[in-house]
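Peer 1: Pasting in a structure now, in structure tokens, and then I'll have a few things to ask.
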Amino acid sequence: SRLQTDSEILELKKKYDTLPSENQIKRFTDMPLSEKTLKGLIDSKYTEPTDIQRQSILVALIGKDVMATAITGSGKTLAFLIPVIEHLYMNKWSRTDGVCAVVISPTRELAYQIFETLKRIGRYHDFSAGLIIGGKNLKFERRRMDQCNILICTPGRLLQHMDENPLFNASTIEMLVLDEADRCLDMGFEETLNAIVENFPTDRQTLLFSATQTNSVKDIARLNLRDPVFIGVKSKS
Ligand code: ADP
Ligand code: MG
């Protein structure tokens, strides 16, 4: 019920003020996450967070920008999807509130996998999510897009919608996730990303994930990271 939701949100907010330290977190239930998210995780047999999840989820929950590096297979998808889902829940985002979070991934296949994971772990929540990767009917994507709270996109297709779709409203966006940021740059998407982010509100939260160490990522001109927390990036002198 609505009252239960309100009191759960209040309880969780209180916990945000006194977060456990990384080594106190053995299981996802040790993190201040909503019951709906925990249920979705358990359904998928996710019980213990991986290192990158342990390191990124709490800082992302409290709204900080994150720049994280961790090898392929380390569990980066949940490291950003859990904070995205919790952000919508904690802010009582409803279906009619527009796009709250945009996840950008370099390839259709990766975007599709993220979308599938989101649907699985987010199944008890009420948000709507859309996959914007091209290869499908542009008109269909266009009509659906403004009704989505979370968009999982490839860079080119997202920019195409932003340029051509009068219904797309970027002003409601509160979170940007760039997955495989290193690969996005390798694939030549820098200009596209700059053009996309130009349309986003500057006071959003930004989460950047890469598989390899790279400094060029934070130079993507428009990303405007706000005092990011660096995770898994060894400083090089
Ligand atoms: P990355 O994006 O870092 O390459 P993924 O997010 O694709 O990694 O996760 C790699 C694999 O690990 C996937 O099969 C995923 O289901 C699994 N996985 C992720 N997090 C956990 C977890 N906490 N417990 C068990 N398996 C996990
Ligand atoms: Mg990945």
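FYI, it's all coordinate maths here, none of it is from the lab. Everything quoted here is computed from the prediction, not taken from an experiment. Please note: Cβ atoms are built from the backbone with ideal geometry, for glycine as well, and neighbour counts cover all protein chains shown.
Peer 1: So if I check each of THR5, THR47, which one is hydroxyl-bearing (Ser, Thr, Tyr), surrounded by 14 or more Cβ atoms within 10 Å (Cβ to Cβ) and more than 15 Å from the chain's Cα centre (by Cα)?
Peer 2: Answer to the check: THR5.
Peer 1: Please report, ordered by residue number, the helices (runs of 4 or more DSSP H) entirely within segment 1-109 with at least 2 residues that are in contact (Cβ under 8 Å) with a residue 60 or more places away in the chain and more than 20 Å from PRO228 (Cα to Cα).
Peer 2: Values: elements: 2-17, 35-43, 51-61, 76-90.
In segment 1-109, 2-17, 35-43, 76-90 are the helices (runs of 4 or more DSSP H) which contain 2 or more residues that are in contact (Cβ under 8 Å) with a residue 60 or more places away in the chain and more than 20 Å from PRO228 (Cα to Cα).
Peer 1: I'd like to know if segment 96-106 contains one or more residues that are surrounded by fewer than 15 Cβ atoms within 10 Å (Cβ to Cβ) and either closer than 27 Å to GLY156 by Cβ or β-branched (Val, Ile, Thr) (or both).
Peer 2: yes
Peer 1: The conditions are (1) away from ligand 1 (no atom under 12 Å from the Cβ); (2) touching a residue at least 12 places away in the same chain (Cβ under 8 Å); (3) at negative phi, and ILE114 fails exactly one of them. Which is it?
Peer 2: So ILE114 meets the others, but not (1).
Peer 1: Do you know which residues across segment 28-44 are surrounded by fewer than 16 Cβ atoms within 10 Å (Cβ to Cβ) and closer than 16 Å to LEU61 by Cα?
Peer 2: Matches in segment 28-44: THR29, ASP30, GLU35.
Peer 1: Quick one: in segment 83-113, which of the residues that are more than 12 Å from ligand 2 (Cβ to nearest atom) and of a type in the set (Gly, Ala, Ser) is nearest to the chain's Cα centre (by Cα)?
Peer 2: ALA101
Peer 1: Inspect all residues belonging to segment 114-124 and state whether any of them is within 12 Å of the chain's Cα centre (by Cα), part of a helix (DSSP H, G or I), crowded, with 19+ Cβ neighbours inside 10 Å and among the aliphatic types (A, V, I, L, M).
Peer 2: There is at least one residue in segment 114-124 that is within 12 Å of the chain's Cα centre (by Cα), part of a helix (DSSP H, G or I), crowded, with 19+ Cβ neighbours inside 10 Å and among the aliphatic types (A, V, I, L, M).
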